[in-house]
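Every number here is computed from the coordinates shown, using simple stated rules; none is lab data. It should be emphasised that the depicted structure is a prediction, and the values quoted were computed from it without experimental measurement. Note that each Cβ is placed from the backbone with ideal geometry, even for glycine, and that neighbours are counted across all protein chains shown.
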């Protein structure tokens, strides 16, 4: 192995490590007390109309179950 090949390998390895670190540390949630989990990489609001920015005019049991189950792939059992 030549010295040039080893230097290229080292540069690729370091860039990969830096890219991985940047990817994993991106968008960490801020602790602003607006719901969601502190360890979550993206802010997620808690379920229910009390935690919505624009509160709905009508809200029933099916809406509550659907909101609480999101983003699950299965619909709530109240249908």
Original post:
In what sequence, highest mean first, do 44-55, 2-13 appear when ranked by Cβ atoms within 10 angstrom?
Top reply: 44-55, 2-13
Subject >> Order by protection proxy (mean Cβ within 10 Å, highest first), peptides 58-66, 14-22 >> reply: 58-66, 14-22
